[in-house]
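Laboratory data are not the source of any read-out in this text; all were calculated from the coordinates shown. Just so we're clear, the structure is a prediction, and the values are computed from it rather than from any experiment. We place every Cβ from the backbone using ideal geometry, glycine too, and count neighbours over all the protein chains shown.
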Amino acid sequence: MYKLIAIDLDGTLLNSYGEVSFENKKALQKAIEKGIIIVLASGRIGDSVENIAKEIGNCNYYISGNGSLLYNIKEEKLEYEDFMEKEKVLELVKICDENSIYYNIYTEDMVIAKALKYNVAFYNYENSKKNSENRTNINIVENVYEYIKQSQNKHFLKMTICDNNKIVFSSIMKKFNNIKGIDVLEVSHMSRKIIKEGTKQTPVEYFYTEITKKDADKWNSILKIIEKENIDKSEVIAIGDNMNDEKMIKYAGLGVAMGQSNPKIKQIADVVTDDNNNDGVAKVINKYVNKEMGSER
């Protein structure tokens, strides 16, 4: 019997428009009524993840920054944190600036960037559909290096590096792989999202990587939850689509890959469900938890 479901957000619970579908919400609510612990596990900042948790209702925990922070929603307290050091962030910012690479920095409560591009442009689009209190805090700063250097904030979750040119992106990846004390996410395919304005749909596509402090990952945070809740790893379902979901999909009792997942994720998953635009999360939860007819592939 499964007792905990850990779910990635972008590319998993959220569709290409950044929305939680009606079917996904309904499946999650049924699981919650059965007493299942729901954990949202994302690379986003904490406030953004918590807002989605509120939209669903009665989620138990959230993981932000790919495992840099674990928050207990029910008890309203921080359970675990593993932030990047400011000096390391400044080192990475300098490399990006010198190589004209777009980047953004995630703290507990904001995304810091030079411009509204790539993933930050999509967050800005999401904000246009939300009430002010539920928006992701985006801080556009002309000189990020100086801003971080002068900042009293020491809670840096991760950095995201983006470029739409694969050759340029591959070149900068080589530089990051030589830096000690960080984990660099290996992503080989483009992120694809859609900004919808009336009848017009604009694709947002880019290569990206995410950088966290070494050994900060979603599965380590999940281990802390199952220890607290006295749950066995075999009683965990983990659902995701990308390399930042690798460990939780590999080590959970049931590892689930989305239909459009990175091929490496599909290889290690126990099952492959439908894609994020066709209620893949709902289908797998309904089959394995709610005991309804499912259609994972």
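Miscellaneous remarks
- Residue-count net charge about Gly57 - beta-carbon cut-off 15 Å; Lys, Arg +1, Asp, Glu -1: +3
- Full-extension gain in nm, Ser151 to Lys291, via 0.36 nm per residue minus C-alpha separation: 45.4 nm
- Degrees separating the helix 118-127 axis from the principal Cα axis of the chain, which is the longest one: 60 degrees
- Counting Lys and Arg as +1 and Asp and Glu as -1 over every other residue whose Cβ lies under 13 Å from the Cβ of Asn139, the net charge comes to -2.
- Tilt relative to the chain, helix 22-33 - C-alpha long axis, 0 to 90 degrees, to 10: 60 degrees
- Descending by average beta-carbon neighbour count within 10 Å, the peptides 76-84, 243-251 line up as 243-251, 76-84, the highest first.
- Positive minus negative residues near Gln201 (Lys, Arg vs Asp, Glu; Cβ under 13 Å): +2
- Relative to the longest principal axis of the Cα atoms of the chain, helix 218-229 runs at roughly 40 degrees.
- When shorter helices are ignored and each DSSP H run of at least 4 residues is given -39500 (n - 2.57), the per-residue value for the chain at 222 nm works out to -9500 deg cm²/dmol.
- Highest mean packing first, where packing is the average number of other Cβ atoms within 10 Å per residue, the peptides 57-70, 218-231 line up as 57-70, 218-231.
- The range 203-263 and the range 114-144 have Cα centres separated by 25 Å.
- If the segment from Leu116 to Asn58 were pulled out straight at 0.36 nm per residue, it would be longer than the present Cα-Cα gap by 17.6 nm.
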